[in-house]
Amino acid sequence: MTPTASLHDVPERLAAELCAADRWLVLTGAGASADSGVPTFREAQTGLWARYDPQQLATPGAFVDDPRLVWDWYCWRRELIATAQPNAGHFALAEIAKLKPELRLVTQNVDGLHQRAGSADVIEFHGSIERNRCFDCERPAAGVPVSSSGPPPCPECGGLLRPDVVWFGEAIPPAALEAAFAAAAKAEVYLSVGTSAAVYPAAGLAEVAAAAGATIVEINPTPTPLSASADHVLEGTAAAWLPAIASTLVEAVS
Ligand code: BV8
Ligand code: ZN
């Protein structure tokens, strides 16, 4: 008697394509961390931050206008991330990468949870909240005691420190941009996980991968602008579907 299909059985045609493909490009967004309790950009900010729009706060202009407000928003997010743990989706991606050594993982998230789950080679497309740099001289500012009231001064030039993330209107770090688009241009599978596919240039990776003939797969509980053109849409959470994909690959090689 065949075991009853679970809610998250990878469809057969997709399973075959995933097993056959070596070059995967995986793009994760805030939804990949949602199961770790880290709020996504789309959810209303909780509590103190309910009245602010992240797309307004994550900008150089907001920092210039009110450095303390923006700095304290990141302090709030840092504290939240410090108590978060990687979820089953993060761990499954680290497992999949062991079976698919040519896999490239590009994340829009700044929370470092992929690395904490064991993913070694993560392309941080939008930087990292775990690092600071100087808003003025751009130097990294490692080990500076991060106060909770307003940005500390840069030890080099006295300017204001800021989180080492990419704000709206800022360029993607060139090395990350180049590596991500190079991987997309030769991808056989493009897996979009937990992203609203609305922010560019990250969202443009899918178009490059599709033009290269990649199978486009989306994991998301709700439709996005990518859903209509995707070859496969796995409706549901990253924490459910990524382990299902990992076990499909493991079964195929065992
Ligand atoms: C650039 C880091 C040019 C910071 C982020 C006008 C002026 C200036 C620029 C623009 C403009 N108009 C358009 C642009 C371009 C702009 C852009 O795309 N804007 C959008 C809004 C239209 N892009 C930029 O500005 C980029 N830079 O263009 O520079 C340039 C070039 C050269 C020189 C100078 C300049 C930079 C964009 C990067 C912004 N930084 N983050 C921080 O974290 O604080 S963006 C941030 O939001 C995320 O990183 C992500 O990229 C983006 C969207 O968030 P998502 O990750 O997708 O999450 P979201 O909340 O949106 O959705 C969550 C999804 O998960 C949902 O679909 C949900 O259904 C799903 N989900 C929920 N639960 C689960 C789940 N999925 C799975 N499992 C679950 N459990
Ligand atoms: Zn400085």
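Residue-by-condition table, conditions (1) of a type outside the set (Val, Ile, Thr); (2) outside the structural domain of residue 176 (by TED's automatic domain parsing); (3) over 16 Å from the mean Cα position of the chain (by Cα); (4) more than 28 Å from residue 204 (Cβ to Cβ):
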| residue | (1), (2), (3), (4) |
| --- | --- |
| 60 | yes, yes, yes, no |
| 63 | yes, yes, yes, no |
| 67 | yes, yes, yes, yes |
| 79 | yes, yes, yes, yes |
| 105 | yes, no, no, no |
| 109 | yes, no, no, no |
| 114 | yes, no, no, no |
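For the stretch 171-187, the criterion of being on the phi > 0 side of the Ramachandran plot and of a type outside the set (D, E, K, R) is met by no residue. Here residue 187 meets the list (1) touching a Ser or Thr at 6+ places or on another chain (Cβ under 7 Å); (2) away from ligand 1 (no atom under 14 Å from the Cβ) almost entirely, failing just condition (1). In the condition set (1) touching a residue at least 40 places away in the same chain (Cβ under 8 Å); (2) touching an Asp or Glu at 6+ places or on another chain (Cβ under 9 Å); (3) within 16 Å of ligand 1 (Cβ to nearest atom); (4) of a type outside the set (Lys, Arg), residue 146 is compliant with all but (2). Annotation note: of 25, 103, the sole residue that is in contact with a strand residue (DSSP E or B) (Cβ under 7 Å, 6 or more places away or on another chain) and either open to solvent by less than 10 Å² (accessible area, probe 1.4 Å) or of a type in the set (Phe, Trp, Tyr) (or both) is 25. Just one of (1) within 16 Å of ligand 2 (Cβ to nearest atom); (2) in contact (Cβ under 8 Å) with a residue 40 or more places away in the chain; (3) of a type in the set (A, V, I, L, M, F, W, C) fails for residue 167. It is (1).
Scan the stretch 198-254 for residues that are part of a helix (DSSP H, G or I) and either touching an Asp or Glu at 6+ places or on another chain (Cβ under 8 Å) or touching a residue at least 60 places away in the same chain (Cβ under 8 Å) (or both) and the total you get is 19. Scanning the stretch 50-72 for residues that are farther than 20 Å from residue 171 by Cα and either part of a loop (DSSP other than H, G, I, E, B) or touching a helix residue (DSSP H, G or I) at 6+ places or on another chain (Cβ under 6 Å) (or both) yields 52, 53, 66. The listed residues are 214, 183, 171, and the only one of them that is within 30 Å of residue 133 (Cα to Cα), crowded, with 23+ Cβ neighbours inside 10 Å and small (Gly, Ala, Ser) turns out to be 183.
Assigned by TED's automatic domain parsing to the domain that holds residue 183, farther than 22 Å from residue 42 by Cβ and either buried (at least 19 other Cβ atoms within 10 Å of the Cβ) or without any contact (Cβ under 8 Å) to a residue 40 or more places away in the chain (or both): is that true of residue 92 in this structure? If you could, list the steps in order and put the result at the bottom.
Values: assigned by TED's automatic domain parsing to the domain that holds residue 183: yes; farther than 22 Å from residue 42 by Cβ: yes; either buried (at least 19 other Cβ atoms within 10 Å of the Cβ) or without any contact (Cβ under 8 Å) to a residue 40 or more places away in the chain (or both): yes.
Yes, satisfied.
Of all residues assigned to the stretch 130-145, none qualifies as being under 21 Å from the mean Cα position of the chain (by Cα), at pLDDT 95 or above, closer than 17 Å to residue 190 by Cα and open to solvent by 10 Å² or more (accessible area, probe 1.4 Å).
The values are calculated or read from the model by the stated rules, or taken from the named source; none is laboratory data. Just so you know, these numbers come straight off a predicted model, no measurement behind them. Note: ideal-geometry Cβ built from the backbone for every residue, glycine included; neighbour counts use all protein chains shown. Ligands, DNA and RNA are stripped out before the accessible areas are found, and what is left, the full protein with its side chains, is counted by its heavy atoms. Shrake-Rupley method; radii C 1.70, N 1.55, O 1.52, S 1.80 Å.
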